[in-house]
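So the structure is just underneath, and the comments pick up after that.
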Amino acid sequence: MERPQINIRISKDLKEEFYASCEKENLQPSVLIRSWIEEFVEVDKAKSKGLNSKYFLPRNII
């Protein structure tokens, strides 16, 4: 199965801080980013259906 990828540009310092934070919380960076994307898409779909997104709570990943 092909796994499409998204590439982003961030500073080296930001990447290092992000990875360090993920390690401290025992999280894989890709899992965290994927969950943010999934949540964003879910909220966008709800908005499209006329639901008020301010009532959506973020997932508890950490």
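The values are calculated or read from the model by the stated rules, or taken from the named source; none is laboratory data. On a predicted model such as this, the values are computed, not experimentally measured, just so you know. In this analysis, Cβ positions are derived from the backbone assuming ideal geometry, glycine residues included, and neighbour counts consider all displayed protein chains.
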| task | Tell me which residues, restricted to segment 38-49, are without any contact (Cβ under 8 Å) to a residue 12 or more places away in the chain and within 12 Å of the chain's Cα centre (by Cα). | result | Glu38, Phe40, Val41
| message | What pairs come out if I take residues in segment 19-31 that are on the phi < 0 side of the Ramachandran plot and surrounded by 11 or more Cβ atoms within 10 Å (Cβ to Cβ) and pair them with residues that are of a type in the set (A, V, I, L, M, F, W, C) and modelled with pLDDT of 95 or more whose C-beta lies under 6 Å away, six or more apart or interchain? | response | Pro29/Cys22
| task | Could you figure out which of (1) of a type outside the set (Asp, Glu); (2) modelled with pLDDT of 95 or more; (3) not in a helix (DSSP H, G or I) isn't true of Asn60? | result | (2)
